Amino acid sequence: VTHFCLPQLLPLLKHTTSYLHEVFEFYEEILTCRYPYSCFKTVFIDEAYVEVAAYASMSIFRSDEWVLKGISGYIYGLWMKKTFGVNEYRHWIKEELDKIVAYELKTGGVLLHPIFGGGKEKDKYVYCSEMILQTLLYEISLTIT
């Protein structure tokens, strides 16, 4: 793992990346496979146009993007539970459920394949769909274990 930043951002970089190796280890353990690339680089930029931009050697785009993001969000939740404990994890789940309830009260529910004109309405739908899948996987894991 290699990190890049401007000299004045070095203390922030050290703090931000101090647990990155544990994140990699957790994901490799939970997915039972190694990270597929020989290196991983992070670049910290002051006053960037977007908060985070992630890239890899391959990107997958599909219409059911919410499924992929929902599963990755669920795995993130497992990491959160391992790292910060059950209470923090449950608090995160509750916050996500509150967001879903607020969205459904406003719009009348989430459809799996709606038709949109685009814009913020679609972005909000995709976000809520991801949260619904994450919480569904959480509920399934409670039933199984």
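The values are calculated or read from the model by the stated rules, or taken from the named source; none is laboratory data. Please read these numbers as outputs of a predicted model, since none were measured by experiment. Using ideal geometry, Cβ is built from the backbone for each residue, glycine included, and neighbour counts are taken over all protein chains shown. Only protein heavy atoms, including side chains, enter the accessible area calculation; ligands, DNA and RNA are left aside. Shrake-Rupley method; radii C 1.70, N 1.55, O 1.52, S 1.80 Å.
Remarks
- Qualifying residue in region 15-24 (condition: closer than 22 Å to residue 139 by Cβ, at pLDDT below 85 and among the β-branched types (Val, Ile, Thr)): no
- In the set 120, 41, 99, only one residue is more than 30 Å from residue 7 (Cβ to Cβ) and either at pLDDT below 75 or open to solvent by 100 Å² or more (accessible area, probe 1.4 Å) (or both); that residue is 120.
- The residue of region 44-66 that is modelled with the highest pLDDT, among those that are open to solvent by less than 100 Å² (accessible area, probe 1.4 Å) and closer than 24 Å to residue 77 by Cβ, is 66.
- Selection within region 76-96: residues that are surrounded by fewer than 16 Cβ atoms within 10 Å (Cβ to Cβ) and among the acidic types (Asp, Glu). The member of this set that is nearest to residue 23 (Cα to Cα) is 88.
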